[in-house]
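Structure first, commentary second.
The values are calculated or read from the model by the stated rules, or taken from the named source; none is laboratory data. These figures come from a predicted structure and were not determined experimentally. Cβ coordinates were reconstructed from backbone atoms using ideal geometry, including for glycine residues, and neighbour counts include every protein chain displayed. What goes into the accessible areas is simple: the full protein's heavy atoms, side chains included, and nothing from ligands, DNA or RNA. Shrake-Rupley method; radii C 1.70, N 1.55, O 1.52, S 1.80 Å.
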Amino acid sequence: MTTETFDIIIPVADPDEKLGDLLAMIAVQTVTPGRIILMETVPSLTSDNVFGTAALKSLVVEKLRSVPQIGVTICPVERTDFDHAGTRRTALAYSEAPYFLMMTQDAVPADSDLCEKLLSRLTAEKAAICYARQLARADAGDIEKVTRDFNYPAESCVKTKEDVAVLGIKAFFASNVCCLYDRKIYEELGGFPDHAIFNEDMIYARKVLDAGEKIAYEAEAKVVHSHDYTLSRQFCRNFDLGVSQADHPETFGGIPSEGEGVRLVLCTMKKISPLHIPRLILQSAAKYLGYRMGKRYRTLRLDTVKRCTSNPAYVKKYIEKEK
């Protein structure tokens with residue numbers, strides 16, 4: 001495959017050293033992208049950042065100087081305009097590649113053949129999507145390590161429309177932390193929604209299955225990516241998850257996700273030290289409360305929604321109009 005086969009798209013906001021590690025690993029991939037498109041969130045758009053901030057440009061030069069054949073586009077996005085779906089849709093205007101790889105700034109390839117394995121699997125299966133396995137960081141807590149193993153097991157698989165009846169919501173589980181797309185199918189199906197507070201990847205993945213296309217999971221393509229969120233952050237993240245499900249009944253209607261959450265809790269209890277179970281109970285309670293409130297966000301006061309979400313700019317732009 002040539003370097004023009006695929007592009008990589010990465011939303012960027014206040015990056016830390018993990019983005020540098022990610023770029024450095026892209027530089028040593030056995031198959032490199034034709035272009036990397038960085039959608040950089042900035043406080044406001046000015047003439048100084050119209051082509052990216054100095055810090056990000058410097059990081060790109062430092063980490064990618066050994067691979068000048070990779071083009072780089074940095075597109076600033078005003079913080080109030082960032083949107084999980086809309087920003088990624090915008091990024092695709094800068095790409096003409098037949099495949100594109102969505103990543104997040106904190107997903108560091110574990111090996112030099114990440115891109116090659118994703119491309120090989122997607123094309124071999126003639127799938128619309130192929131997503132990678134996520135490994136917890138070495139310093140992650142035990143609960144987070146079990147969560148990663150639960151959601152991203154060591155066995156690869158291919159999922160089709162018939163699996164929805166058996167797997168439920170897991171049938172169209174996919175993650176833009178590291179996910180490769182066939183652009184032709186993406187455009188035929190209309191791609192991500194125009195805007196979404198969360199879950200833009202799963203919303204599109206459901207379209208994929210409904211259209212009779214396939215989702216591939218390649219366990220040998222690995223990125224290091226995990227979080228040890230505070231309880232408040234867990235609450236807000238799951239509130240947004242609930243909002244996204246309430247806003248997209250065509251995707252999530254009639255397929256409850258609570259059962260999968262219970263399975264995760266039970267699995268985690270068996271694999272962690274009893275000393276960590278109180279923490280697991282608190283985390284699970286925060287997640288569930290946030291999720292249930294998010295599902296019912298239309299019944300809440302606007303100021304309550306703003307306090308519960310992790311994306312107040314999205315609430316102001318799209319939800320405030322409904323209240």
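Solvent-accessible surface of the chain, taken per residue with a 1.4 Å probe and all protein chains present: 45 Å².
Taking only alpha carbon atoms, region 225-287 gives an Rg to Rh ratio of 1.02, where Rh is the Kirkwood radius. When the alpha-carbon atoms of region 180-323 are used, the pair Rg, Dmax equals 17.1, 51 angstrom. Summarising the label geometry, the points placed 7 Å from Cα in the beta-carbon direction at Ser273 and Asp48 lie 4.8 nm from one another. Expressed in Å, the radius of gyration and Dmax of the Cα atoms of region 1-44 are 12.0, 39. One Cα centroid belongs to region 253-312, the other to region 156-170; the line between them spans 23 Å. Measuring with a 1.4 angstrom probe and ignoring ligands and nucleic acids, Arg298 comes out at about 130 Å² accessible. Mean projection of the Cα convex hull over all viewing directions, computed for the chain: 16.2 nm². Taking the Cα of Asp16, stepping 7 Å toward and past its beta carbon, and measuring to each backbone N in region 202-231: which are under 13 Å? So the set is 225-230.
Of the accessible area of region 263-321, with the probe set at 1.4 angstrom, what percent is carbon plus sulfur? Carbon-and-sulfur percentage of accessible area, whole number: 63.
With the whole protein complex present, Ile281 retains an accessible surface near 90 Å², based on a 1.4 Å probe.
Enclosing the Cα atoms of region 60-114 in their convex hull gives a volume equal to 132 cubic angstrom per residue.
Across region 151-163, rounded Karplus estimates of 3J(HN,Hα) from the backbone phi angles (6.51 cos²θ - 1.76 cosθ + 1.60, θ = phi - 60°) give 7, 10, x, 7, 9, 6, 7, 10, 10, 10, 4, 5, 6 Hz, Gly and Pro being marked x.
The calculated pair-distance distribution of region 238-323 uses every alpha carbon pair, bins of 5 angstrom beginning at 0, and gives 3, 13, 22, 20, 15, 12, 9, 5, 2, 0 percent.
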